[in-house]
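Just below is one structure, and these are the notes that go with it.
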Amino acid sequence: MARTAMTGHDPAHQGARLGLSRLLTAAVPTDQNTLRRGIAALWHLSLKESLSVTELADLLPCDKSQASRVLKVLGEYGMVTRNAETQRYSLGWLVYAFSVRVSGRQMVSIAGPIVRTLAVRTEQTCWIAAQSGHEVLTLYTSRPKSGQIIVNEWAGGVPPGGVVPIYCTASGRALIAGLADETVEALLKDATYDSCGPNAPRSFEEIRARLEDVRRQGYCVTVDELQRGTTSVAAPVHDGVGSPVMAIGLSGKTTSLRGRHDVIAREVVLASKHITSLLFAERAAGARGAAPRRGSTA
């Protein structure tokens with residue numbers, strides 16, 4: 001189906017404000033459709049084992065011919081592969097190579113084992129997530145039984161690569177608790193308070209009150225907020241100088257975690273501090289060393 005070109009909008013600015021999921025499904029400017037559809041195609045393929053041209057066209061959304069052209073170019077660069085029998089497409093090895101370069105040296109090699117240990121110690125599904133506009137992007141998860149980082153599978157209600165609202169998730173509120181209320185309100189300007197669990201906040205005033213708890217405790221607990229029957233606990237991972245760059249946490253059945261929030265939260269906070277110290281030790285040391293000089297009158 002043809003899409004109407006957007007006018008009078010800066011797509012990059014819009015995406016930062018609206019969040020990843022809405023950017024990937026928004027109308028695409030006609031002068032930028034190839035690159036943006038290619039990025040969206042890779043994202044949709046990351047959530048599915050495979051997709052046909054028709055299925056991808058419905059997801060992007062665009063004409064089937066446009067989806068076919070996008071897949072052809074991605075195939076030429078090894079970013080997607082096509083099954084000769086089924087004619088269905090899946091991610092290619094070049095995408096894997098990129099992911100190793102981006103995350104392998106730090107996220108997987110350093111944070112991954114800590115997430116895995118947390119999953120084993122708490123016997124819950126654990127994950128790391130990052131902010132994307134007014135949403136949270138799940139980066140990867142680890143389940144206690146397998147002890148492995150899970151890719152493209154549902155875990156704790158959220159698939160790696162999937163996005164969820166920032167205001168009703170433990171990881172989301174852990175990430176924005178350090179922001180001023182005015183900044184949070186602006187971030188959530190286009191958020192819609194629906195499609196979540198029975199205990200999710202329904203207004204910014206409710207969010208403001210719950211953020212105060214996160215600021216006081218240093219972690220966030222959500223009970224039946226993202227979805228009924230699920231409790232999540234999360235703490236921010238800081239960059240060494242106080243700014244959160246991602247959140248580590250866990251999700252489990254509300255019934256199994258009832259009465260254990262404080263104990264579980266201690267484990268999560270320790271894990272977040274461990275990742276911070278390993279990833280950003282040098283930056284933190286530099287900040288500590290620079291502090292006296294900033295206050296010097298010499």
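The values are calculated or read from the model by the stated rules, or taken from the named source; none is laboratory data. Computed from a predicted structure; not experimentally measured. Every residue, glycine as well, gets a Cβ built from its backbone with ideal geometry; the counts of neighbours run over all protein chains shown. Side chains included, ligands, DNA and RNA excluded: accessible areas come from the protein's heavy atoms. Shrake-Rupley method; radii C 1.70, N 1.55, O 1.52, S 1.80 Å.
Within the range 68-84, not a single residue is assigned to a helix (DSSP H, G or I), open to solvent by 30 Å² or more (accessible area, probe 1.4 Å), modelled with pLDDT under 85 and farther than 28 Å from Ile166 by Cα.
Looking across the range 107-134, the residues that are surrounded by fewer than 23 Cβ atoms within 10 Å (Cβ to Cβ) and under 9 Å from the mean Cα position of the chain (by Cα) come down to Ala130, Gln131, Ser132. Within the range 116-145, the set of residues being in contact with a Leu (Cβ under 9 Å, 6 or more places away or on another chain), within 18 Å of Ile275 (Cα to Cα) and not in a strand (DSSP E or B) comprises Leu118, Ala119, Thr122. Considering the range 224-251, the residues that are surrounded by fewer than 18 Cβ atoms within 10 Å (Cβ to Cβ) and of a type in the set (Val, Ile, Thr) include one that is modelled with the lowest pLDDT, namely Val241.
Might you check whether a residue that is modelled with pLDDT of 85 or more and either open to solvent by 30 Å² or more (accessible area, probe 1.4 Å) or of a type in the set (Val, Ile, Thr) (or both) occurs anywhere in the range 91-99?
Looking only at the range 91-99, we keep the residues that are modelled with pLDDT of 85 or more, and these are 91-92.
This time we only want the ones that are either open to solvent by 30 Å² or more (accessible area, probe 1.4 Å) or of a type in the set (Val, Ile, Thr) (or both), so: 91.
The answer is yes; a qualifying residue exists.
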